[in-house]
Every structure is written in structure tokens, then in C-alpha cells.
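The values are calculated or read from the model by the stated rules, or taken from the named source; none is laboratory data. If you're wondering where the values come from, they're calculated on a predicted model, not measured in any experiment. In this analysis, Cβ positions are derived from the backbone assuming ideal geometry, glycine residues included, and neighbour counts consider all displayed protein chains. Heads up: the accessible areas ignore ligands, DNA and RNA and are worked out on the full protein's heavy atoms, side chains in. Shrake-Rupley method; radii C 1.70, N 1.55, O 1.52, S 1.80 Å.
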Amino acid sequence: MPIDPHARRFLDMVAIAPSADPARMTVEERRESFVKLMALSGSQVAVGGVEDRTIPGPGGPLAIRLYRPAAGTDAAMPALVYFHGGGLVAGSLETHDALCRTLAGESGVIVIAVDYRLAPEHPFPAAIEDANAATARVMANAASLGIDPERIAVGGDSAGGTLATVVCREARGGAEPAIALQLLLCPVLDPAAETPSRQEFASGYLLDRAMMRRDLEHYGPCDPLDPRVSPLRAPDLGGMPRTIIHSAEFDPLRDEDRAYAERLLQAGVAVDHTCHPGMIHHFYGLTGIVPAARTSLAAICRALGDALS
């Protein structure tokens, strides 16, 4: 189908707005731009409570934020450990506050957002170390958090999706209980790819090729073929948890997301993959201006809640 008209209007506005060259964008410009983008996430969904905490991390104290659904009970609840997008150089608890509130409020799942270290101040693999540490901490302290240890998911959007699936792969065969589910929203899975979608949507579709290359430069030094950078390049995907992947029709990452779903299926992993027609990368964060994106995000929340029920 054609691109959603509201998404098209948004891209047209982005095209005419003055902005830095993605190929030369400084970290500060990238972060400022991302804050403005995330402001389009729409109104906040009511939740039962929000709590900021600090946990020990590999590089020092690590901030997390817990979102409890409004319809909480005294019984242990399912949870989602969540890593924000932003190319691993931008994003924070604040940029993704509205999205995490929606995920918690509309899924009935406790969401734990993780403020992992960003590059270039903390280059590869600092973000992965923080993601692993936060996930392990939540799983080890599930009871005190009111969480059912058998129903803990790990998820993220864009580069946060990279972190989520790396955490799941590295956790295979570890201590029980295992991660129950991974939720990936337009995840970056192969920065070295030259797929048709990366070529067709190389520029003018929000996530420009030049921007992705610049983010990777800031994230390094690292090998783009390393499975911790390109999870699609992992030689073995067996033993991964049940997976929910949401991609977008007009996203340069579309083809690698589909390829990842296919590889997981081949490895015997249960996979639910939805490619949202007419949508662009980051549609889940554009709910304030793209009505169809709001409908899609509501469906994502329902699927998350159902998968962990």
C-alpha cells in the first residue's frame, strides 16, 4: 500500500526544515534532534505508578524507571525490561517516557526502562554490558519488585532492539528462569546489510543511511559483522525466547527484520512478525501526529499483554 498520508506529510515537513547534515552531525545535534522527534509521541497514558531507581552497573550506578499498570494486583505481574532507541548515542528515560507509559498502561505489564550508557563517551560494548546487568538484576530481584520471574520479557526499539536481542542470545543456557519473550520494534539487526529496503529508503524516510553510518562511527570502534552489533550475523539462533517483531513497510530496516524472523523460525523459535503497512521507521513514537501509528501501537501492547498472560 502507499505510505500513510500523515507519515508522508511528516516526512515532507522534515525535508524542508533546516537541519544538520546527517553525515556530519555532531553528537549534540543528534541528541537534540532526537529529543524533538520523541516529543511527537503523543499524550501520556495513565499508569498506576512511576518510580525512579538506581541499581549497580558495570560502569557505576545505572538509572532505571519502573512503570506499573493502573490495573495492578497483589499477585506477581509480568514485566518488560526495555531499552530505548536512538542509535546508541541518543535517547534517555525522558525521551521514551510517553512510549513506556503506553506500553505499561495498555499491556498490563510492568515496564522497566533502562538508562544505559551512550556512545561516544562510553563506546562499544558499554551499552551491552549495562543491558545485560540490568536484565540480570531485574530477574534476580523479581520477587521484591512484584514481578513473576517466569514472565519477564526483554525488548527495545531500533538500536534498543539490537540490545534486547543481544541480551537474549547471551542469556541462552544461563540460570533459570529464562527470559520468556523478546519484543523488537523496528530493530537494527545488520548495519552492514545492503538490502533492497536499505537502498530504496536510503534517504528521506527519517532513518537515513548517512545517519546510521554516523551513529556506528560514534559507537565504535567495533566490527559491524560482530553478532553483538549485527545480531542477524550470529551463526546460531537456536534457544532464543519466543519473539515478537514489529517492522514498517517504508523502513530501511524492513528486510533485515523479516530475514531475522525467518532465521528464528528456521532455528525452531516461535515468532510473530508484523510489518505495518504504510508506516515508517519509528512509527510507534509518532502517535501524536500519525493516527494509524496509534492504532498499531495499541495492537503491539495487546500482543505483549497476551503473550505474557
The range 195-216 - residue that is acidic (Asp, Glu) and at pLDDT 95 or above and, of those, farthest from Arg169 (Cα to Cα): Glu200
Counting just the residues of the range 103-127 that are open to solvent by 10 Å² or more (accessible area, probe 1.4 Å) and touching a Ser or Thr at 6+ places or on another chain (Cβ under 9 Å), which one comes out nearest to Ser296 (Cα to Cα)? Gly108
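Being in contact (Cβ under 8 Å) with a residue 40 or more places away in the chain, surrounded by fewer than 21 Cβ atoms within 10 Å (Cβ to Cβ) and on the phi > 0 side of the Ramachandran plot is the requirement here; does Gly173 meet it? If you could, list the steps in order and put the result at the bottom.
Working: in contact (Cβ under 8 Å) with a residue 40 or more places away in the chain: yes; surrounded by fewer than 21 Cβ atoms within 10 Å (Cβ to Cβ): yes; on the phi > 0 side of the Ramachandran plot: yes.
In short, yes.
Please enumerate the residues belonging to the range 182-196 that are in contact (Cβ under 8 Å) with a residue 60 or more places away in the chain and among the acidic types (Asp, Glu). First the steps, then the outcome.
To start, the set of residues in the range 182-196 that are in contact (Cβ under 8 Å) with a residue 60 or more places away in the chain comprises 182-190, 193, 195.
Within the range 182-196, just Asp190 meets the criteria.
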Given the conditions (1) open to solvent by 40 Å² or more (accessible area, probe 1.4 Å); (2) within 23 Å of Gly87 (Cα to Cα); (3) of a type outside the set (Gly, Ala, Ser); (4) without any contact (Cβ under 8 Å) to a residue 40 or more places away in the chain, and given that Gln266 satisfies all but one, which numbered condition is not satisfied? (2)
Identify, by number, the condition in (1) under 22 Å from the mean Cα position of the chain (by Cα); (2) open to solvent by 70 Å² or more (accessible area, probe 1.4 Å) that Arg9 doesn't meet. (1)
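Filter the range 42-95 down to the residues that are hydroxyl-bearing (Ser, Thr, Tyr) and open to solvent by 10 Å² or more (accessible area, probe 1.4 Å), then identify the one that is farthest from Met211 (Cα to Cα). Break it down into steps so the answer makes sense when it comes.
First, the residues of the range 42-95 that are hydroxyl-bearing (Ser, Thr, Tyr): 43, 54, 67, 73, 82, 92, 95.
Narrowing further to those that are open to solvent by 10 Å² or more (accessible area, probe 1.4 Å): 43, 54, 73, 92, 95.
Details: Ser43: 28, Thr54: 31, Thr73: 44, Ser92: 19, Thr95: 19 Å.
Top of the filtered list is Thr73.
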Output for the range 267-308, where each listed residue is outside any strand (DSSP E or B), aliphatic (A, V, I, L, M) and in contact with a strand residue (DSSP E or B) (Cβ under 7 Å, 6 or more places away or on another chain): Val269, Ala270, Ala292, Ala293, Ile300, Ala303, Leu304, Ala307, Leu308
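Condition (residue is closer than 15 Å to Thr162 by Cα and not in a loop (DSSP other than H, G, I, E, B)) applied to the range 192-214: is it met by at least one residue?
Taking the range 192-214 first, the residues closer than 15 Å to Thr162 by Cα are 192-193, 212.
If we keep only those that are not in a loop (DSSP other than H, G, I, E, B) too, we end up with 212.
Checked against the condition, which is being closer than 15 Å to Thr162 by Cα and not in a loop (DSSP other than H, G, I, E, B), the range 192-214 yields at least one hit.
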Conditions (1) in contact with a helix residue (DSSP H, G or I) (Cβ under 8 Å, 6 or more places away or on another chain); (2) surrounded by fewer than 16 Cβ atoms within 10 Å (Cβ to Cβ); number of the one not met by Thr287: (2)
